[in-house]
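Take a look at the structure set out below.
The values are calculated or read from the model by the stated rules, or taken from the named source; none is laboratory data. What you see is a predicted model, and the numbers here were worked out from it, not measured in a lab. All Cβ positions, even for glycine, are placed from backbone atoms using ideal geometry, and neighbour counts span all protein chains on display.
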Amino acid sequence: MEHKSGEGIVVFGATSAVAQALARLHAAAGDSLLLVGRNEQRLQDLVNDLGVRSGQDVQSLQADLAHIDGHPDLVNTINERMDNVSKYYFFHGILPDQQHCERSWAATFDVLNTNFLSIASLLTLIANRVSEESNRSLVIVSSVAGDRGRQSNYVYGTSKGALNTFLEGLRNRLHKHGCHVMTVKPGFIDTPMTAAFSKQNFMWATPEKVASDIYKAANKRKDQLYTPWFWRYIMFVIRHLPEPIFKRLDL
Amino acid sequence: MGKYRSWGYSPAQDQAAVRPGWRDFSLESIEGSLLPYGNGRSYGDSCLNSAGRVIDCRQLNRFIAFDREQGILRCEAGVSFEAILEVIVPAGWFLPVTPGTKFVTVGGAIANDIHGKNHHRDGTIGRHVRNFELLRSDGQKLLCSPESNPEFFSATIGGLGLTGCISWAEMQLIPISSSTVDVETSVFHGLDEFYELSAAAHEDYQYTIAWLDCVAEGDRFARGIFMKANHSAGGGIHPAKKSSLPLSVPINFPKWALNKYSVKAFNTCYFYSQKRHAGTNTRQQFDPFFYPLDGIENWNRIYGKDGFFQYQFIVPGSEKLVMDELLRQIVSSGLGSFLAVLKEFGAKKSPGMLSFPRPGICLALDLANRGTRTLRVLDELDQLVMKAGGIVYPAKDNRMSGGAFRAYYPQYEAFSRYIDPRFSSDFWKRVTNGT
């Protein structure tokens, strides 16, 4: 489907590096944006920036998305503020320290809550509205880490794997209503969230590259996107390694 | 850690770095010595800090406010001139001063107090900066303007990033009624003809620039192409061209590709191709006029993996004999290259304490890196520039001696009071410690 100028776009987790790059693409295309995030000052920085760049109407809404009890009010407010939403993007998520999670259930729960439960909750509320109105897109940023559990990051991987399964079911359910659900599986992205890693090889993609891939795939209403493209093949191999071999690997 | 390099392509180095994502960051918690890094368009070592960290400011790339009536733009320090042009040109505004590449950041432009083809009329960028915020390593945030913290305002303009980290800045733009420029081209043979052309154009033309053949000898000595231009009065506003970078130099050229004969052949071809335009008045988009090399990504690779030296100096307008001697030495060294740019600078004084630009004749040229031979030639040029009371540009420098720097910039001691105690650079260590 062609991108129509002037769409209403809602971005959850709008201060993430990829979300910022994506918002610039939408603003440049003449779309109206509603940015949702936790840090009010940073949201204001983005509103100012997008306003200068595009002259478009950009709004922001402060909310702690990990606070699930607040979701019904939040979704109501969003609907009051913007009545013609065509795409909802979900960018919020945390990348935890795996070893810390292994020692702490509280830390593990935090990851599951932010990366899976909070998105499932928002999707539940939003899906019931969009199923009455077709042509909407729900675009959710997951991760290649959800494709198979590995010792180095299985808590994070679990949150994303659960999310992927949830999205498969939701896509299946909403398809007949003409609503599009897209699972985005980025590989390594060079962002502040990954600042602790050394990034000396081609595997690291820029937020701008990932955002551009997401933008195009969402307009084409793809079901699933690996970005950059080569992760599709890497994860194909990883998913198909037999478990008796896989469990011995140091991944 | 990351790979950081300067434009002169002294090999990209592993350089410890921090990359603030938002301008509310604090320097207090970061260890080691610090230096802001923008787009790495400085040619030498003034943008590197190998013993400490660089503060990679490229994520600070947001606009803050644009007053479309008054032409006042406020943005974060990592915003590039390219991004600014995309926003301001359609609104009928232009950069008050721009260097020959739009891939510089606002922070870098201020730190080097950049100049452009309109120096004779408008001075440096520092004259058009209204205010900025300076983050210091002790956690202070200084609002700097001619009225507020004026000494830090003055020290930071042209201060090579040593006084702290600029987080945002505000500048006054200039109005345009067209996105094109009207360019008149003429040929000159010898520096005297250049001085005449330049003096005659200063009153009525906002932009003047000359390309100089610094290889040709004999009758052809000091031949060149002089261009003068103004923003067109009509012609309409067309959006700034998004750089699609259609051309790129994919690899480092081998050493032998660049030699006396290939350079001579190139310069002769260029001279005659431009000569055809002599006396004509052409209207062109601003992009190719201001940024001729930005269309070729990584053009610096034509100099091969050994890179090149750029040498840019100003000698006072009264020292025409020294200028002549300098050019003769460059030609006879055989190290000159394609890119030599000649311009007469004007008297508009910059607020910058350590700024390079001043009235006089400015020549910038590339010299292939032939090791000690090139270094020796450059030291000899320094002697002449110093004797004439001239000055050399730190943003382009990779090799000047400490003695030369201190002779060019006697105010460096007064400037040192405003350096952030935790900031340093490879350049600064070299010129303040070395002999």
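Values for this structure:
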read-out: Selection status of A:Val111, over 19 Å from A:Glu7 (Cα atoms) and aliphatic (A, V, I, L, M); value: yes
read-out: Scope segment A:89-103; condition assigned to a loop (DSSP other than H, G, I, E, B) and within 30 Å of A:Asn219 (Cβ to Cβ); matching residues; value: A:Phe91, A:His92, A:Gly93, A:Ile94, A:Leu95
read-out: B:Glu170, sole failed condition from (1) surrounded by 18 or more Cβ atoms within 10 Å (Cβ to Cβ); (2) assigned by TED's automatic domain parsing to the domain that holds B:Gly279; (3) assigned to a strand (DSSP E or B); value: (2)
read-out: Qualifying residue in segment A:108-124 (condition: surrounded by fewer than 17 Cβ atoms within 10 Å (Cβ to Cβ), without any contact (Cβ under 8 Å) to a residue 40 or more places away in the chain and under 25 Å from A:Asn153 (Cα atoms)); value: yes
read-out: Residue that is within 12 Å of another protein chain (Cβ to nearest Cβ) and surrounded by 18 or more Cβ atoms within 10 Å (Cβ to Cβ), where the choices are B:Asp122, B:Asp56; value: B:Asp56
read-out: Single unsatisfied condition, A:Asp83 versus (1) away from chain B (no Cβ under 14 Å); (2) out of contact with any strand residue (DSSP E or B) (no Cβ under 9 Å at 6 or more places or on another chain); value: (2)
read-out: Matching residues in segment B:141-167 - criterion: being buried (at least 16 other Cβ atoms within 10 Å of the Cβ), in contact (Cβ under 8 Å) with a residue 60 or more places away in the chain and part of a loop (DSSP other than H, G, I, E, B); value: B:Ile157, B:Gly158, B:Gly159, B:Leu160, B:Gly161, B:Leu162, B:Thr163, B:Gly164
read-out: Residue check for B:Ile64: facing another protein chain (nearest Cβ under 9 Å) and modelled with pLDDT of 95 or more; value: yes
read-out: Per-region count, segment B:81-100, residues more than 16 Å from B:Gln285 (Cβ to Cβ), away from chain A (no Cβ under 13 Å) and buried (at least 22 other Cβ atoms within 10 Å of the Cβ); value: 1
read-out: Any pair with Cβ under 9 angstrom, 6 or more apart, that starts in segment A:127-151 at a residue that is farther than 15 Å from A:Asn164 by Cβ and at pLDDT below 85 and ends at one that is charged (D, E, K, R) and part of a loop (DSSP other than H, G, I, E, B); value: A:Arg129/A:Arg136; A:Val130/A:Arg136
read-out: Of the criteria (1) part of a helix (DSSP H, G or I); (2) away from chain B (no Cβ under 14 Å); (3) under 30 Å from B:Val79 (Cβ atoms), which one A:Ala106 fails; value: (3)
read-out: Flag for A:Val58 being under 20 Å from A:Ser137 (Cβ atoms), among the β-branched types (Val, Ile, Thr) and within 14 Å of chain B (Cβ to nearest Cβ); value: yes
read-out: Qualifying position, being of a type in the set (Asp, Glu) and either touching a Cys at 6+ places or on another chain (Cβ under 7 Å) or modelled with pLDDT of 95 or more (or both), among A:Glu2, A:Glu40, A:Glu7; value: A:Glu40
read-out: Pick from segment B:221-238, criterion farther than 22 Å from B:His202 by Cα and of a type outside the set (Gly, Ala, Ser), ranking: modelled with the lowest pLDDT; value: B:His238
read-out: Search result, residues across segment B:105-119 that are in contact with a Lys or Arg (Cβ under 8 Å, 6 or more places away or on another chain) and more than 14 Å from B:Val341 (Cβ to Cβ); value: B:Thr105, B:Gly108
read-out: Search result, residues across segment A:5-58 that are within 21 Å of B:Ala65 (Cβ to Cβ), assigned to a strand (DSSP E or B) and of a type outside the set (A, V, I, L, M); value: A:Ser32, A:Gly37
read-out: Residue list for segment A:20-47, filter: more than 12 Å from chain B (Cβ to nearest Cβ) and in contact (Cβ under 8 Å) with a residue 60 or more places away in the chain; value: A:Leu22, A:Leu25, A:His26
read-out: Positions within segment B:106-117 being away from chain A (no Cβ under 14 Å) and outside any loop (DSSP other than H, G, I, E, B), in sequence order; value: B:Gly107, B:Gly108, B:Ala109, B:Ile110, B:Ala111
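A quick yes/no check of all residues on (1) at pLDDT below 90; (2) within 14 Å of chain A (Cβ to nearest Cβ):
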residue: B:Ser6; (1), (2): yes, no
residue: B:Pro11; (1), (2): yes, no
residue: B:Asp14; (1), (2): yes, yes
residue: B:Trp22; (1), (2): no, yes
residue: B:Tyr37; (1), (2): no, no
residue: B:Gly40; (1), (2): no, no
